[in-house]
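Chemist: The following block contains the structure, expressed as structure tokens.
The values are calculated or read from the model by the stated rules, or taken from the named source; none is laboratory data. Note that the coordinates shown come from a computational prediction; the quantities given were computed from them, not determined experimentally. In this analysis, Cβ positions are derived from the backbone assuming ideal geometry, glycine residues included, and neighbour counts consider all displayed protein chains.
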Amino acid sequence: MDEPPETFDCTVTDWAHVYELSRAVSEAVRDAEFEPDVIVALARGGWIAGRICCDFLGIDDLVSLKIEHYVGTAQKGEEPRIRYPLSEATVGGKDV
């Protein structure tokens, strides 16, 4: 495995920040009068925010999508790719 670079651009966050961002997104969804049936959260970083949004919006269905853009620690690949896509059975016919 390659050594990670000494520095790289990233956002360091904490639980309070994720909670506040999730609240803001949920309020925007509510203000838009959109009523999703399911929330899609990104694996490896977005699932917890998705779960919090489900709580704020009263939604029971949360599904995960994995997108890979890194090939190692802090080393970007050429293009992002969907590693585990959503199935039609999971989101088909639903407001997402």
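Chemist: Give all pairs with beta carbons closer than 7 Å in which a residue from segment 33-59 that is modelled with pLDDT under 95 meets a residue that is among the aromatic types (F, W, Y); count only pairs at least 6 apart in sequence or on separate chains.
Modeler: A41/W47
Chemist: Cβ-Cβ distance below 8 Å, separation of 6 or more or different chains: which pairs start in segment 9-29 with a residue that is within 21 Å of I59 (Cβ to Cβ) and end on one that is of a type outside the set (V, I, T) and not in a helix (DSSP H, G or I)?
Modeler: Qualifying pairs under 8 Å: V29/P36.
Chemist: Out of the residues in segment 1-54 that are touching a strand residue (DSSP E or B) at 6+ places or on another chain (Cβ under 8 Å) and among the basic types (K, R), which is nearest to G92 (Cα to Cα)?
Modeler: For segment 1-54, the residue satisfying everything is R51.
Chemist: Can you name the residue in segment 77-92 that is among the small types (G, A, S) and outside any helix (DSSP H, G or I) and is also surrounded by the most Cβ atoms within 10 Å (Cβ to Cβ) among such residues? Working first, answer last.
Modeler: Step one: list which residues in segment 77-92 are among the small types (G, A, S), which gives 77, 87, 89, 92.
When the remaining residues are screened for being outside any helix (DSSP H, G or I), the result is 77, 87, 92.
On the way: G77: 11, S87: 9, G92: 9.
Taking the candidates together, the pick is G77.
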